[in-house]
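The values are calculated or read from the model by the stated rules, or taken from the named source; none is laboratory data. In this text the structure is predicted, and so the values were computed from the model without any measurement. Cβ placement follows ideal geometry from the backbone for every residue including glycine, while neighbour counts extend to all protein chains displayed. Ligands, DNA and RNA are excluded from the accessible area calculation, which covers all protein heavy atoms including side chains. Shrake-Rupley method; radii C 1.70, N 1.55, O 1.52, S 1.80 Å.
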Amino acid sequence: ARVFEHLREDAWVLVRGSAQVDRYSQELTLTAQDINAGMAPERKDLAEEKRVELHLHTKMSSMDGLVNVKDLMKQLAKWGHSAVAITDHGVVQAFPEAHEVALRYNIKVIFGVEGYLTDELKPKAGKNKNRSRSYHIIIMAKNQTGLQNLYQLVSLSHLENFYRHPRLAREKIQQFREGLILGTACEAGELIQAYLRGESQAILEEIASFYDFIEIQPTGNNEFLVRNGQVPNLDGLKEINRVLLALGEKLG
């Protein structure tokens, strides 16, 4: 009974015991022998100049985010961040709560989405529309016109071009580009994918010129490229970032 007094929500505990597959549930189960109160690890931002996160997923981002908006804004305020971009995958359901909660914490919200970019192909006679490969793309609204265009694009992606994901045709992005800022996104974006395919410098520059900014992620985000053999080692990941930086500097 004394143990359960301490097992409240958000409590941290240290547990020692044996882990084995339960014969009834057929799941790995920990049989606790000792339970003690623990201290929650606290992550701090000690940077003098705070960054602004431009690629962030909330729990509205399917299979790619867990944080709820209120906890997010509370943490950003604690770290001293002044703004954040919300870029859930293909959807904008987090926007209303983000707008409301951010005002309480004096955080500026940049409304965005991580979309699925495609180059639309014409359908063959008598067949459904061909499904070209999709790439991740960051799209953020910089003003009210951009926000309206972002909503337009999200609607079109669900109503007219949905195939496994709500996809965005490049021509539609061009059509509704006013007020929007486009970023190359993560390794699933077309720029890094082109680099991994070994495309030429000229092709990389052509791809990058479509965007307003090039995203460079910490090497830890892309370590799986080493594990699956696409990149030989950590230096290979750093070389990707050096190439991206050089592209950005050359293209302005």
- With the full set of protein chains in place, find how many percent of the accessible area of the stretch 105-243 is carbon and sulfur; take the probe as 1.4 Å. 48 percent
- Message: What distance in nm separates the two pseudo spin-label positions at residue 234 and residue 144, each 7 Å out from Cα along the beta-carbon direction?
- Response: 5.0 nm
- Message: With θ taken as phi - 60° and the coefficients 6.51, -1.76 and 1.60, list the Karplus ³J(HN,Hα) couplings across the stretch 231-248 in order, rounded to whole Hz; mark glycine and proline as x.
- Response: 10, x, 6, 4, 4, x, 5, 5, 5, 4, 5, 5, 5, 4, 4, 4, 4, x
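Want the number for residue 221 to residue 82: 0.36 nm per residue separation, take away the alpha-carbon distance, what's left?
Numbers: separation 139, 0.36 × 139 = 50.04 nm, distance 2.38 nm.
Going from the current span to full extension adds 47.7 nm.
For the peptides 20-27, 50-57, 79-86, what is the packing order when you average, over each peptide's residues, the other Cβ atoms within 10 Å and list the highest mean first? Could the numbers behind the result be given before it?
Working: 20-27: 8.2, 50-57: 15.6, 79-86: 17.4.
Final packing ranking: 79-86, 50-57, 20-27.
Which entries in the list 59/142; 78/172; 108/172; 44/142; 74/172 go over 31 Å, if you measure between the two C-alpha atoms of each?
Working: 59/142 23 Å; 78/172 39 Å; 108/172 28 Å; 44/142 29 Å; 74/172 36 Å.
The answer is 78/172; 74/172.
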- Query: Out of the stretch 167-246, which GluC sites (Glu not before Pro) are coil in DSSP terms and have no more than 16 other C-beta atoms within 10 Å?
  - Reply: 178, 199, 223
- Message: Give me the net charge for the shell around residue 226: Cβ to Cβ below 13 angstrom, other residues only, Lys and Arg +1, Asp and Glu -1.
- Response: -2
- Message: Need one number for the stretch 41-186: average projected area of the convex hull over its C-alpha atoms, nm².
- Response: 9.7 nm²
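How much accessible area per residue does the chain have, in Å², with a 1.4 Å probe?
Details: 16250 Å² over 252 residues.
Per-residue value: 64 Å².
FRET efficiency for residue 7 and residue 75, Cβ-Cβ distance as r, R0 = 35 Å, nearest 0.05?
Numbers: r = 24 Å, r/R0 = 0.68.
Approximately 0.90, to the nearest 0.05.
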- Note on the structure: For the stretch 152-160, Karplus-derived ³J(HN,Hα) couplings (6.51, -1.76, 1.60; θ = phi - 60°; whole Hz; x for glycine and proline) come out as 4, 5, 4, 4, 4, 5, 7, 8, 10
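Report the trypsin sites (Lys or Arg not before Pro) located in the stretch 177-247 that are in a DSSP loop and have at most 13 other Cβ atoms inside 10 Å of their Cβ, or state none. All intermediate terms of the calculation are to be shown ahead of the outcome.
On the way: sites: 177, 197, 227, 238, 242; in loops: 177, 197.
For trypsin sites (Lys or Arg not before Pro) across the stretch 177-247 that sit outside H, G, I, E and B with at most 13 neighbouring Cβ atoms in 10 Å, the list reads 197.
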- Task: Using amide H atoms built 1.01 Å from N in the peptide plane, name the residues 5+ places from residue 83, or on other chains, whose amide H lies under 5 Å from its own.
- Result: 108
- Query: Simple spin-label model, 7 Å along Cα-to-Cβ: residue 30 to residue 14 in nm?
  - Reply: 1.3 nm
- Query: In the chain, what is the volume of the convex hull around the alpha carbon atoms, normalised per residue and reported in Å³?
  - Reply: 222 Å³
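Averaging sequence separations of C-alpha pairs under 8 Å and six or more residues apart, then dividing by the length of the chain, give the relative contact order as a whole percent. Please list the in-between numbers first.
Values: 386 pairs, mean separation 27.4, N = 252.
With pairs under 8 Å counted, the relative contact order is 11 percent.
Using helices alone, what [θ] at 222 nm do you get for the chain, with -39,500 (n - 2.57) per DSSP H run of 4 or more residues, divided over all residues and rounded to the nearest 500? Numbers along the way, then the final one.
Working: 9 runs with 86 residues, N = 252.
Computed mean residue ellipticity for the chain: -10000 deg cm²/dmol.
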- Note on the structure: The aspartates and glutamates whose Cα lies under 12 Å from the Cα of residue 238, excluding any fewer than 8 residues away in the same chain, are 223
- Kirkwood Rh, the stretch 1-100, all Cα pairs: how many Å? 17.2 Å
